[in-house]
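Working notes, beginning with the structure itself.
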Amino acid sequence: MWGGRFAEGPDAIMEAINASIGFDRRLAPQDIAGSRAHAAMLAATGILSYSDAEMIREGLLTVLSEIETGSFAFSTALEDIHMNVEARLTEIIGDPAKRLHTGRSRNDQVATDFRLWVREQCDMAEDALLALMRACLDQAEAGADWVMPGFTHLQTAQPVTWGHHMMAYVEMFGRDLSRLRDARTRMNECPLGAAALAGTSFPIDRQMTAEALGFAAPCANSLDAVSDRDFALEYLAVASISAMHLSRLAEELVIWSSAQFRFVRLSDRWSTGSSIMPQKRNPDAAELLRAKLGRIFGANVALMTVMKGLPLAYSKDMQEDKEQVFDAADNWLLALRAMGGMVADMTANRDALRAAAASGFSTATDLADWLVRALGLPFREAHHVTGALVAMAEAKACDLADLTLADMQDVHDAITEDVFGVLTVDASVASRVSYGGTAPKEVRRQAARWREVLG
């Protein structure tokens, strides 16, 4: 490929460190699509004859077929997917293949291939996110009025509904979806035709190749086109935030499915057993998901580190941009699909949720609010009175609703029988009717809104 400048070949170790075919072979479909678009453009602009372009087109389809059927022989000596494809194309059609690289460089070629690949990953991740969000919506609608404890510091705080908790994840994954779509829009510019860094003197039509490959427009600066990896970094950033959300839900599923909580039961499809303890149902899918997502964070940091000190335009450091993204994409998509399956199949234990919702003096805030509304107490005073009543109930080993009116009046003599109307968990959640609150009717309203958004 570049042997005209050199008197001898590379050292074996240099060949090993320089070659990327071991991993960039994944870009074969994108590389061939880019080459087909480039050849068609070269013919349309008169740079290449139509007969040569047709031979290139047919030859590239043959190469793609060989790769897809596993009969293609990849060569480390040819360094990367681009030269492996070009060399095989030359074997098939001869001299016309040598004209294919007119008006382009491997720099814009790989940037185009990589953008195409990441763009496809965005589309697959979007489908998986939508499936996961719909699974969460199904759970939310089914349990819109099932009471459960809401937690802060993993301590019982206030009653909420199962539907409200599930809708929190719909909101999280909805932001992931929004970020993913934004990132895809920004990456949808075509580097092809930027050549090595300065563009080309050939009368190419970059708009034509951009449209042929489904891009919105060509990249506007040839230096930036070949040296930019923001599209990969932004994809990893989106994946990392989404991975964090997935890991939070995975952690809750691990906790909730334990014998101590019994909030949910994961289906047999997403659980494993023990080799020695026959009673065990382990939430291994959630645990593995929780761990694998660290690889996405690592990929994000790794690629940022690769790019942080590179001058314009292309540097060979950028060959290290793909393995991390490939691994992160595989694991994010796997995690999204696994979580979607777990959420769709899991069964919430309504009785256990209700029993837990009533524990830990979860309606204490409702009592304080009632003291403000009914007796006109300043909230800080109401907070103090409620705290004293909680201490009394704790000493008596009972819940707030089990205290007698006389007990309550010992703390504040203006308390009336009406207070017992706010001390049930159902009354508590039903009262939280503010926008985005946990009241069942608000949960159903938010779920309906998301159903309309997702279509």
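The values are calculated or read from the model by the stated rules, or taken from the named source; none is laboratory data. Only a predicted model underlies this, so the values are computations on that prediction, with no experimental measurement involved. For neighbour counting, all protein chains shown are included, and Cβ atoms are generated from backbone atoms with ideal geometry for every residue, glycine included. Surface areas here come from the heavy atoms of the whole protein model, side chains and all, with no ligands, DNA or RNA. Shrake-Rupley method; radii C 1.70, N 1.55, O 1.52, S 1.80 Å.
Overall, the accessible surface of the chain at a probe of 1.4 angstrom is composed of carbon and sulfur to the extent of 54 percent.
Helix 440-454 and the longest principal axis of the Cα set of the chain meet at an angle near 10°.
Amide hydrogen proximity for Val264: with H placed 1.01 Å from N in the peptide plane, the residues at 5 or more positions away or on another chain lying under 5 Å are Ser257, Asn349.
Rolling a 1.4 Å probe over the protein chains gives Met148 an accessible area of about 0 Å². On a per residue basis, the chain carries 46 Å² of accessible surface, using protein heavy atoms and a 1.4 Å probe. Across the protein chains, with a 1.4 Å probe defining accessible surface, the residues His82, His164 rank His164, His82 from largest area downward. Within segment 143-263, DSSP assigns beta bridges of which about 75% are antiparallel (rounded to the nearest 5). For segment 104-111, 3J(HN,Hα) computed residue by residue from phi via the Karplus equation (6.51, -1.76, 1.60; θ = phi - 60°) reads 8, 10, 5, 5, 6, 5, 5, 4 Hz, glycine and proline entered as x. Just so you know, the averaged projected area of the alpha carbon convex hull for segment 12-102 sits at 5.7 nm². Among the listed values (1) 20.9; (2) 29.8; (3) 33.1, the one matching mean projected area of the Cα convex hull in nm² as calculated from this structure is (2). Per-residue ellipticity at 222 nm, computed for the chain from helices alone with -39500 (n - 2.57) per DSSP H run of at least four residues, works out to -20000 deg cm²/dmol.
For Met277 and Ala374, the difference between the fully extended length at 0.36 nm per residue and the C-alpha to C-alpha distance is 29.4 nm.
Per-residue extension of 0.36 nm, minus the Cα-Cα distance of Arg449 and Ala142, leaves a gain of 108.9 nm for this segment.
Between 0 and 90 degrees, the angle of helix 379-396 with respect to the longest Cα principal axis of the chain falls at about 70 degrees. Once C-alpha pairs closer than 8 Å and six or more residues apart are averaged by separation and normalised to the residue number of segment 248-361, the relative contact order reads 34 percent.
Rounded to two decimals, the Cα radius of gyration of segment 186-328 over 2.2 N^0.38 Å is 1.55. Note on Tyr435 and Ala414: the model spin-label points, each 7 Å out from Cα along the C-beta direction, lie 3.3 nm apart. Applied to segment 160-174, the Karplus parametrisation 6.51 cos²θ - 1.76 cosθ + 1.60 on θ = phi - 60° returns per-residue 3J(HN,Hα) values of 9, 10, 4, x, 5, 5, 5, 5, 4, 6, 4, 5, 4, 5, x Hz, with x for Gly and Pro.
Taking amide H as placed 1.01 Å from N in the peptide plane, Gly150 has its amide H under 5 Å from the amide H of Ala157, Gln158, Val160, each at least 5 places away in sequence or on another chain.
The angle separating the long axis of helix 50-69 from the principal Cα axis of greatest extent in the chain is about 50 degrees.
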